[in-house]
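S.K.: Next up is a structure, given as structure tokens.
The values are calculated or read from the model by the stated rules, or taken from the named source; none is laboratory data. Values in this document were obtained by computation on a predicted structure and should not be read as measured data. Every residue, glycine as well, gets a Cβ built from its backbone with ideal geometry; the counts of neighbours run over all protein chains shown. These area figures cover heavy atoms from the full protein model, side chains too; ligands, DNA and RNA do not enter into them. Shrake-Rupley method; radii C 1.70, N 1.55, O 1.52, S 1.80 Å.
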Amino acid sequence: MSKLVAIGCSFTDDYINIKNKIIGPVEKIRGYPVWPTILSRKLNMDVVNLGKIGAGNKYIFDQVVGLNGYID
């Protein structure tokens with residue numbers, strides 16, 4: 001099956017994380033899924049969600065190019 005890779009901030013992250021403690025999936029706690037989940041269901045694709053609450057442009061860029069924070 002094809003995969004949808006989503007990278008972004010809290011709008012993308014599918015877990016609620018408070019002070020680095022994951023308390024659960026967004027969909028079960030808030031009652032609605034995040035956009036990568038909605039899109040993957042519509043496109044019938046598996047989702048690889050690399051979203052991270054508080055992520056900035058550097059994190060997102062680093063994930064896209066695969067360097068995971070090694071760019072100064």
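S.K.: Given 0.36 nm per residue, what is the gain on full extension from Lys28 to Met45 after removing their alpha carbon distance, in nm?
M.R.: Working: separation 17, 0.36 × 17 = 6.12 nm, distance 2.05 nm.
Extra length from Lys28 to Met45 when fully extended: 4.1 nm.
S.K.: Under 14 Å from the Cβ of Val64, count the other residues' Cβ atoms, weight Lys and Arg +1, Asp and Glu -1, and hand me the total.
M.R.: On the way: positive: Lys52, Lys58; negative: Asp62.
Net of charged neighbours comes to +1.
S.K.: Using the Karplus equation 6.51 cos²θ - 1.76 cosθ + 1.60 (θ = phi - 60°), what ³J(HN,Hα) coupling, rounded to whole Hz, does each residue of the stretch 47-58 give in order, writing x for Gly and Pro?
M.R.: Whole-Hz 3J(HN,Hα) from phi for the stretch 47-58: 10, 10, 9, 9, x, 8, 4, x, 5, x, 4, 5.
S.K.: Over the stretch 1-62, with every protein chain in place, what whole percent of the accessible area is carbon and sulfur at 1.4 Å, could you tell me?
M.R.: Details: 2550 of 4420 Å².
Ligands and nucleic acids excluded, carbon and sulfur give 58 percent.
S.K.: With charges only on Cβ, +1 for K and R and -1 for D and E, what is the dipole size of the chain about its Cα centre, in debye, rounded to 20? Don't jump to the answer; show the numbers that get you there.
M.R.: Details: 9 positive and 6 negative charges, 52 e Å.
Roughly 240 debye, rounded to the nearest 20.
S.K.: Report, to one decimal in Å, the Kirkwood hydrodynamic radius for the chain based on all distinct Cα pairs. Could you put the intermediate results ahead of the total?
M.R.: Details: mean 1/r = 0.0775 Å⁻¹.
Mean inverse Cα-Cα distance, inverted, gives 12.9 Å.
S.K.: If you don't mind, another one. Just add up the charged neighbours of Pro25: K/R +1, D/E -1, any other residue whose Cβ is under 12 Å from the Cβ of Pro25.
M.R.: Result for the local shell: -1.
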